Amino acid sequence: MSVASVFAIEGLTIITPTGKVLVQNTNLALGSDEVALLVGPSGSGKSTIIKLLSGLLEDDKEPWKIEGMLRHGEQQYDLSEDRCDVGGLVFQNYALFDDLTAAANLGIALDHADRPDPTLVEHTLNLLADIDPNQTIASSSGGQRQRIAIARTLLANRPLLLFDEPNAGLDPYTAQRLGILIRDLCRRMGRPALIVAHHVDDLLPLVDKVYLLDPHNHKLQTIPVNREAVDNALLAAGKANPEPELLDYPQPHQVKGSWEQHLTPHSAKRWFLRYLQEYFWILWGAPMMLLYIFSGAAILGFVIMWFGFNYDLLGDAARSFVHDEALKGIGFIEVNIGVPLIVCILMIARNNAIITADLGNRVLSSQFLAMRNLHVPGQIYITSAIMVNMLVGGIILVAASLAISGLTAFYTWQMIFPAQPFELWQEHFFRAMLPGTKGGDKLIWVVVKVLLSSAAGGWVAIRSGLTRKDSVIAVNYAIARSIILGVTATLIVHAGIAVIVY
């Protein structure tokens, strides 16, 4: 594999949207297989540099000011204008896709990357020794998740490896083994790595250079690779020292052969179909969802029919006298207004909560950032799959609910008029909706109402889910807001069309 021998950044300046200077006119260089530590106080800008090199530095309301040139072999980037994503990032919290298996987490990266040579796949396999390809992320230990995250980043096939606090929470032995793993990968692959870390004791013997980001002069300074020099530099810069925690990191052994079949490249299009299938089940195909919707339809069919003929103003004689017209009106209201409205409200309330929670979790756990870094158009896949399922599912659920509510209405009618034949009910219940009638001509508006409310609800849920999330509380607020706005939009759509059309 051909990999450039040097990364060089010259004249790097980073100023936040609020005007705070993080880095000013500084330089950084990495050899072809060098491992470098980037240290400095919290908030000095280390993670910002990592995001810049991985193409994940985003503008909020105001733009960042970036200056400098990055050279990688024959490629050159003007950082003030070009989006540079030469670095594959291993996130501190791993940002694994928890709805996918271990193998699928790697497969989605492989299918969206430049085709790697067999050597890269071999290096990746060496990280997966004790991991079952089909195990879930939730069932994986901390050490296994870490190695899945590293393997996924390797398969993205970027020329620079970036690690954001990879040893946070590790005991000294595990941290040293991680450092050995990173160093050996860089040596074998001929690729450099830049590691942001606060705990450096166990990594220092394994790195080639150390950069200190000094918050006083906003420069990257090369300091000697020894404990005393690093400690002195960090103390001078205001180093904070969080406490480590224990994390499992099992010893590697012989690689399971079943991994090789999972690391065969496929078409990237299959991932959209996978998400389409996943959200089909979540949003309208699951048995509990069908029971929830159809129960509402059955209850509505009973209530409208029962109380349509059993309220105080109607005696037995009057009930028989108005029977035909009442049955016609009940059928019209149930089919054109009642069932579509209730089903859409039930569907939007449930699905908006699920969609917002799902997307909010992906935002909070940096999964969408990881997808961007892997060149996976995750937001397009997921939001498209959600909207397709909301629209198609809305139509199918309403159509099936109309059948169930109609059947319930018939059996309720038979309880009230046990001697009457089915043909009489059928003739009058659907009389206002037969082809050529006024009601029949307007049945298309039922479809319009369902599609508009499904689209509005899905859009609200997606917007609520994709907004920035800083905590679980923010996700919970977004869920509540999504339900309220989605149901309100549904009521407005149905009421507005009913007033205009009927």
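Couple of notes before you dig in:
- Listed by first and then second residue, the pairs linking a residue in the range 410-426 that is touching a residue at least 40 places away in the same chain (Cβ under 8 Å) to a residue that is outside any helix (DSSP H, G or I), with Cβ atoms under 8 Å apart and 6 or more places separating them unless they lie on different chains, are W413/Q420; I416/N310.
- The residue that is nearest to I137 (Cα to Cα), counting only those in the range 148-193 that are modelled with pLDDT of 85 or more and of a type in the set (S, T, N, Q), is T153.
- Among the criteria (1) more than 30 Å from E58 (Cα to Cα); (2) of a type in the set (A, V, I, L, M, F, W, C); (3) within 20 Å of the chain's Cα centre (by Cα), the one A400 does not fulfil is (3).
- Residues that are modelled with pLDDT of 90 or more and either of a type in the set (A, V, I, L, M) or touching a His at 6+ places or on another chain (Cβ under 9 Å) (or both), drawn from the range 408-423: A409, M415
- Highlighted here are the strands (runs of 3 or more DSSP E) found entirely within the range 157-240 that include at least 1 residues which are over 30 Å from I108 (Cα atoms) and in contact (Cβ under 8 Å) with a residue 12 or more places away in the chain: 209-214, 219-223.
- The range 89-99, subset touching a helix residue (DSSP H, G or I) at 6+ places or on another chain (Cβ under 7 Å) and part of a loop (DSSP other than H, G, I, E, B), residue nearest to S365 (Cα to Cα): A95
- Residue in the range 100-111 that is under 24 Å from L37 (Cα atoms) and either in the same structural domain as R191 (by TED's automatic domain parsing) or surrounded by fewer than 22 Cβ atoms within 10 Å (Cβ to Cβ) (or both) present: no
- Residues of the range 77-87 classified as touching a residue at least 40 places away in the same chain (Cβ under 8 Å) and out of contact with any strand residue (DSSP E or B) (no Cβ under 6 Å at 6 or more places or on another chain), total: 1
- When residues in the range 454-500 are screened for being of a type in the set (K, R) and modelled with pLDDT of 95 or more, 2 of them pass.
- Those strands (runs of 3 or more DSSP E) of the range 1-88 in which 3 or more residues are assigned by TED's automatic domain parsing to the domain that holds C186 and at pLDDT below 85 are absent.
The values are calculated or read from the model by the stated rules, or taken from the named source; none is laboratory data. What you see is a predicted model, and the numbers here were worked out from it, not measured in a lab. With ideal geometry, Cβ positions are generated from the backbone for all residues, glycine too; neighbour counts draw on all protein chains shown.
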